[in-house]
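The values are calculated or read from the model by the stated rules, or taken from the named source; none is laboratory data. Owing to the predicted nature of the structure, the values given are computational and were not obtained by experimental measurement. Heads up, the Cβs are rebuilt from the backbone with ideal geometry, glycines too, and the neighbour counts pull from every protein chain shown. When the accessible area is computed, the model is the full protein with side chains, heavy atoms only, and any ligands, DNA or RNA have been set aside. Shrake-Rupley method; radii C 1.70, N 1.55, O 1.52, S 1.80 Å.
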Amino acid sequence: MPGLMTGQNTNEIVKKLVELERRPIKRWETENEYAKAQVQVWNEVKNLTANLQTKTRALTSFTAPFATKSVSSSTEGVITGEASRAAKSGERPIEIIELAAKHQLSGVEVDTNVKLPAGKFTIFSGKLSETINFTGGTLSDLVSSIRNSANTIAECSVIKIDKDSSLITIIAVKTGKINALQFSDPDKILKTAGLVGENKQAPESVISPVSIDLATANPYEETKYKNTVIPEQAPLKTETATIFKPDTAFSFPFETENIQPRSYLEFSIAGNAPAVWELGFVFEREGNLRTKLVPVPVKDGKYALQIGDFAEGKNLKKIIITNTSSADIQLASIQLIAPPKSGTAEPLKVLSEAKDAKFKIDFV
């Protein structure tokens, strides 16, 4: 019994002493609850400001509504685009003449259990190509190989006609005439599968020599190539080469129509060759002249200026030759080279031709 001998209520005294000692702990617990409340409030403020920032980002970015104007179509999703802030508001009727289409091919019926030989074949589509090493097998094995190795170019499947016959279908991934599928089948894998005919020998490239007349040389960007305007720095012709002086640039008329796919101008150099040579050309597109100037790396003393990549089907008007090096460049020859088409084996059945989109816009 507490306090029996002392006459004091020791339990109450101990309780009060403990309460006194717990005062700092209680104060800290109260401060902790207050801090938690502050954290919760600031988190709410953070969420609100982040939401405000997201909603106002479009107002302060380069894609702000007051900096650009939107393009919308009467049928949502048919036409999309972006107009500059200088564009005038208005409506433009658009007549869809032809929709873009993918190249779709089908093989002929073959025995479902046909054994295909091992070897290589190549699928081409536009600027892309995939050479597939096939280990041999069934039609399903061939389709799997195409799906695994050339899925960025073509979609392939095998269709069972009846219990004994099947055929292969193959569809280009991209639309447009430039992405039409072509094949090279030297080991007769695709021919055995009934997809293509006989593989033919690839034709030779068409090579046309190009001559430039120094009398027709026109200065090109005199402000950039300072020595171009100095008469003594004009290009010179020797028995073996045409010499271009440092820090000069000239254009030469050269016209050819309907530039072929993957065609290029090959420049051959006599003497020392710079690692990179800046070359260009002018071509006609829709009645307007366009200029393309690109740095071309050297390979075996030659420079291949790809013109088909930029101006396929267009008309070439001029050739631009510059010299940004500190030494003379001796041009030995120029050739226009048009490689043959990539495919050497023709498809047996065309389900749908590759087509470009055609539409007419009335700007009046």
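Phi angles of region 331-348 translate, via the Karplus equation with coefficients 6.51, -1.76, 1.60 and θ = phi - 60°, into HN-Hα couplings of 7, 8, 7, 10, 10, 9, 10, 10, x, x, 4, 5, x, 10, 10, 7, x, 7 Hz per residue; Gly and Pro are given as x. For region 115-267, a Kirkwood hydrodynamic radius built from all Cα pairs, placed in the Stokes-Einstein relation at 25 °C and 0.890 mPa s, yields a translational diffusion coefficient of 122 µm²/s. Sequence-ordered 3J(HN,Hα) estimates for region 107-121 from the Karplus curve with 6.51, -1.76 and 1.60 and θ = phi - 60° stand at x, 8, 5, 9, 4, 4, 9, 4, 9, 8, x, 7, x, 10, 8 Hz, glycine and proline given as x.
Cross-link pairs exceeding 22 Å in C-alpha to C-alpha distance, out of Lys127/Lys188; Lys226/Lys302; Lys88/Lys314; Lys245/Lys318, comprise Lys127/Lys188; Lys226/Lys302; Lys88/Lys314. Ordered from highest to lowest accessible area with the whole protein assembly present and a 1.4 Å probe, Val350, Val229 read as Val229, Val350. The angle between the Cα long axis of helix 10-60 and the main principal axis of the chain comes to about 20°, on a 0 to 90 degree scale. Placing dummy labels 7 Å off each Cα toward the beta-carbon, the span from Ser352 to Asn133 is 3.5 nm. Among the chymotrypsin sites (Phe, Trp or Tyr not before Pro) in region 114-188, none is located in a DSSP loop while being surrounded by at most 11 other Cβ atoms within 10 Å of its own Cβ. Listed values (i) -0.21; (ii) -0.30; (iii) -0.49 include one computed from this model; for log10 I(q)/I(0) by the Debye sum over Cα atoms at q = 0.06 Å⁻¹ that value carries the label (iii).
When the surface is traced with a 1.4 Å probe over the full set of protein chains, Glu346 keeps roughly 90 Å² accessible.
Applying the criteria of a DSSP loop state and at most 14 other Cβ atoms within 10 Å to the trypsin sites (Lys or Arg not before Pro) of region 258-343 yields Lys341. Note on Lys299: aspartates and glutamates with a C-alpha under 17 Å away, same-chain residues under 8 apart excluded, are Glu266, Glu278. Give me the percent of accessible area attributable to carbon and sulfur for the chain, probe 1.4 angstrom. Ligands and nucleic acids excluded, carbon and sulfur give 52 percent.
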